[in-house]
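Student: Just passing along the structure, written as structure tokens.
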Amino acid sequence: MAKTQGRKSKAETLLDDVSSIVGAKKKRVLECVDFSDPNRPKSCLEVDFPILPINEVAVIEGNADKPIYQVSKYWARRSSSVFRSMLIAGAAKAPDSDKQAGALVWQSFYGNHQSNEDFSRLKIADIFMGGGTTLVEAARLGMTAVGNDLNPMAWFVVKSELSQAKKSDVEALLSRVNQQVFGSIRPYYAHSCPRGHRGVWTEVAKGREMPSDFDPLTLPPEERGGYSYRGPELIYTFWAKHGQCQAQGCGHRTPLVTVPLFARKTLLIESWEDRECQGCGKTFDVERFDARMAPGEDFLVLEGEKPFAVMDKDGRFACPHCGRESEDLRAKVEGNSSSLGKSANKRVDFSLVLSPKWLKGTPAADAQGLPMGGRPGDDADSTVRWYAARSSTLSFLEIRGANVPSEVSNPRTGETFNTAIGTPAMRQTANGPQPKKSSFACQDSTCGREWDVLDSMRSSGRAGAMAPFAHHVHCPECEAAGDPYSGRMFVPARDARGVSSAEREWEKRNVADLKGFWPEDPISDGWKTHKWGIPDHGYTHYWKMFNSRQLLVLSQILRAITTDEQSPWEARRPCWAHFSNMCATRISFVSGMRVRTRWSPTSRETTIHSNPGPSKTMCSESLAVAIGSHASKGCSNHCNGGRGLGRGSPRRRFNGTPRILQSSSSRARA
Ligand SMILES: C[S@@+](CC[C@H](N)C(=O)[O-])C[C@H]1O[C@@H](n2cnc3c(N)ncnc32)[C@H](O)[C@@H]1O
Ligand SMILES: [Zn+2]
Ligand SMILES: [Zn+2]
Ligand SMILES: [Zn+2]
């Protein structure tokens, strides 16, 4: 909430008004019943309950935005408003008129009960405390809270929620974590911009800009912090899982891509529409900035799209019909000029399609017969080889226009792209051929055998190999230049240096200084693990669910929190809780299909599925603020499940079908 000097902002005034209407923070001292008296009068709860207004509050609340409950997404959480009102109703003596009982509870709901001595004498025990909602609400009402649960995670979560940590201690801890980790992991998230903007590394001690070939990843991790960075960075990396053909002598790896059109975006483009050309008399739109989703990649403008011209940085543009050049620097700079008038926004659709060459996959070994890695547990050499092989054929076709046909051709190369069907096995139906669920057809040119994904994983006994195919990058220079996509862009993951360096570094450090800070245990036996077949997909251990870069980053953060001797335990605890929350999204099980980014001007999905992504949350933000450099951009908004009616089950769970698109976020530097 921005404060204008001396005067309250609109939001603050509104908050004050609402607070005063509902009696927020108003001192309340309700008379309690004496539970030791067998003839006690009834409590409000035994008479009436304001279920309608509380239900409305619970629906709005959904638990999602209350900071204290963001400490963890414990799955068995309840809506705090329901428990707060039940505690008030259970404790308060019912008024003489039964009709007033519900109203009394509702009128006291937002009040401050901390000075009520009757309340402070009440002990609330929740012997199945779960995520601690009841206990936290009891504490907020000034009651004494006691809890128990058979799940140690519940203990840990409730301890964190009720921790007496001092804010300054937590902030000091986070800043030391930042100091220790940020510098060493930052180079993993630097990336160049395809529009030619390069990041600049500066040697902090000397204030010296480093030459363009400087690569901080060649330095030992502890020295990297001596260099600061300004420039384009990764927001997400999208990974694709591969299915390995189990036919004797084949072993070819095929990316599990059902639909090659993997990202879609509507951009608002500032433009002057239907300008008439002075040369040929035909009309076209003049666009103030170059709107692209994947600048530098091959570009197809669909037939039927309005003709357009893009201004260069000096305001020059050429008629798309006859090529006649015009110039209007003022319009470029101010968005308004005497000849063009004032610009207006128009909506244009863009899509990205994976190239057919890349969808062909990669053989089991390279030309020298050396094996490909990429699966959890593969050695760094073979995985680096795999990344190199996979990135060598990677490209996108960007399409401008709505209603993308199922087949398009690349205007530069003439190559045909299927936008609708990727690599699944097909079956005949009355409506023609349809993709089979969870299947793939081996893309080796002489094989073509069809597999069920799970069968192939089971018979290999290994998880599928993962390869990055796209980076979502943010370039500050593009943003400053007015880019309609606010400086964001998709870049094919052709530069495999970052992920390759991470493999090598993790291979060395997981058995050395980072040992003990990553989970070596097998996945515990449970309904949602073994009965849902997670080990059948090759995920037998927790660490296999993370890629090497995630493990490298997360284990360093965990070590920094855990070994910070200067911090009291009370301060470390909420940081661990936050850390565990971060792991829920810095994992290979985050479905890219559901990723939405808050940066988007229209808050639309950036990806193909219409499945609404999880709603707004704050859970990973504050640690990310300490760790990441994108603090000003806010949390990437994908880190917690949207919650209906106060239930806290994370939406992003493993549902037995491994998803094709995987993302890992740089927000937590993982
Ligand atoms: C729905 S949650 C409780 C929610 C909690 N009362 C609140 O207010 O947020 C149920 C909890 O009961 C715990 N639980 C189940 N059986 C238990 C048992 N036999 N002993 C202790 N805790 C148990 C589970 O681990 C789970 O955390
Ligand atoms: Zn095959
Ligand atoms: Zn013309
Ligand atoms: Zn740029």
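Student: Let me confirm something: among G142, G183, G196, which residue is on the phi > 0 side of the Ramachandran plot, more than 16 Å from ligand 2 (Cβ to nearest atom) and not assigned by TED's automatic domain parsing to the domain that holds G90? Don't jump to the end; show me each part of the working.
Tutor: Numbers: G142 fails: not assigned by TED's automatic domain parsing to the domain that holds G90; G183 fails: on the phi > 0 side of the Ramachandran plot.
G196 is the lone residue from the list that is on the phi > 0 side of the Ramachandran plot, more than 16 Å from ligand 2 (Cβ to nearest atom) and not assigned by TED's automatic domain parsing to the domain that holds G90.
Student: Are there any pairs with C-beta distances below 7 angstrom linking a residue in the stretch 119-146 that is within 22 Å of D34 (Cβ to Cβ) to a residue that is of a type in the set (D, E) and away from ligand 3 (no atom under 16 Å from the Cβ), with the two at least 6 apart or on different chains, and if so which?
Tutor: T134/D126
Student: Against the definition (without any contact (Cβ under 8 Å) to a residue 40 or more places away in the chain and within 25 Å of P194 (Cα to Cα)), how does F214 come out, yes or no? Steps first, please.
Tutor: Working: without any contact (Cβ under 8 Å) to a residue 40 or more places away in the chain: yes; within 25 Å of P194 (Cα to Cα): yes.
Criteria met by F214.
Student: Do any residues in the stretch 314-332 that are hydrophobic (A, V, I, L, M, F, W, C) have Cβ atoms under 8 Å from those of residues that are modelled with pLDDT of 95 or more and within 16 Å of ligand 4 (Cβ to nearest atom), where the two are at least six apart or on different chains, and which pairs are they?
Tutor: Taking only residues 6 or more apart or on different chains, the pairs are F317/V310.
Student: For the stretch 342-350, indicate whether the set of residues that are assigned to a loop (DSSP other than H, G, I, E, B) and without any contact (Cβ under 8 Å) to a residue 24 or more places away in the chain is non-empty. Show your work before the answer.
Tutor: Residues of the stretch 342-350 assigned to a loop (DSSP other than H, G, I, E, B): 343.
Going one step further and asking which of them are without any contact (Cβ under 8 Å) to a residue 24 or more places away in the chain, we end up with none.
No: zero hits.
Student: Quick check on this structure: which one of A291, A240 is under 27 Å from V408 (Cα atoms), part of a loop (DSSP other than H, G, I, E, B) and either away from ligand 1 (no atom under 16 Å from the Cβ) or of a type in the set (F, W, Y) (or both)?
Tutor: Values: A240 fails: part of a loop (DSSP other than H, G, I, E, B).
Answer to the selection: A291.
Student: Which condition from (1) modelled with pLDDT under 95; (2) away from ligand 4 (no atom under 16 Å from the Cβ); (3) surrounded by fewer than 18 Cβ atoms within 10 Å (Cβ to Cβ) is the one that A263 breaks?
Tutor: So the condition that A263 fails would be (3).
Student: Could you say whether any residue in the stretch 442-453 is under 16 Å from P260 (Cβ atoms) and within 16 Å of ligand 2 (Cβ to nearest atom)? Step through it out loud before you land on a result.
Tutor: The initial filter retains those residues of the stretch 442-453 that are under 16 Å from P260 (Cβ atoms), namely 443.
Checking which are within 16 Å of ligand 2 (Cβ to nearest atom) leaves us with 443.
Within the stretch 442-453, one or more residues are under 16 Å from P260 (Cβ atoms) and within 16 Å of ligand 2 (Cβ to nearest atom).
Student: Here's something else I'd like to know. Restricting attention to the stretch 240-249, does a residue exist that is closer than 28 Å to N418 by Cβ, touching a residue at least 60 places away in the same chain (Cβ under 8 Å) and either assigned by TED's automatic domain parsing to the domain that holds K346 or away from ligand 2 (no atom under 14 Å from the Cβ) (or both)?
Tutor: Yes; the residues of the stretch 240-249 include at least one that is closer than 28 Å to N418 by Cβ, touching a residue at least 60 places away in the same chain (Cβ under 8 Å) and either assigned by TED's automatic domain parsing to the domain that holds K346 or away from ligand 2 (no atom under 14 Å from the Cβ) (or both).
Student: If you take the residues in the stretch 477-523 that are aromatic (F, W, Y) and over 22 Å from the mean Cα position of the chain (by Cα), which one is nearest to ligand 1 (Cβ to nearest atom)? Give the derivation first.
Tutor: Let us first name the residues in the stretch 477-523 that are aromatic (F, W, Y), namely 485, 490, 506, 517-518.
Then keep just the ones that are over 22 Å from the mean Cα position of the chain (by Cα); that gives 506, 517.
Numbers: W506: 34, F517: 26 Å.
My answer is F517.
Student: All but one of (1) within 16 Å of ligand 2 (Cβ to nearest atom); (2) assigned to a loop (DSSP other than H, G, I, E, B) hold for Q164; which doesn't?
Tutor: (1)
Student: Going by what's in this entry, would E171 be described as among the acidic types (D, E) and either surrounded by 12 or more Cβ atoms within 10 Å (Cβ to Cβ) or modelled with pLDDT of 95 or more (or both)? Give the derivation first.
Tutor: On the way: among the acidic types (D, E): yes; either surrounded by 12 or more Cβ atoms within 10 Å (Cβ to Cβ) or modelled with pLDDT of 95 or more (or both): yes.
Considered against the rule, which asks whether it is among the acidic types (D, E) and either surrounded by 12 or more Cβ atoms within 10 Å (Cβ to Cβ) or modelled with pLDDT of 95 or more (or both), E171 comes out as yes.
Student: Looking at (1) closer than 26 Å to R385 by Cβ; (2) surrounded by fewer than 19 Cβ atoms within 10 Å (Cβ to Cβ); (3) at pLDDT below 90, which is the one condition that is false for S588?
Tutor: (2)
Student: Further question on the same structure: Can you tell me which residues in the stretch 235-256 are over 20 Å from Y539 (Cα atoms), among the hydrophobic types (A, V, I, L, M, F, W, C) and surrounded by 22 or more Cβ atoms within 10 Å (Cβ to Cβ)?
Tutor: Scanning the stretch 235-256 gives a single hit, I235.
The values are calculated or read from the model by the stated rules, or taken from the named source; none is laboratory data. Keep in mind that what you see is a predicted model, and the values were worked out from it rather than measured. Counting neighbours? That spans all protein chains shown, and the Cβs are built from the backbone with ideal geometry, glycine included.
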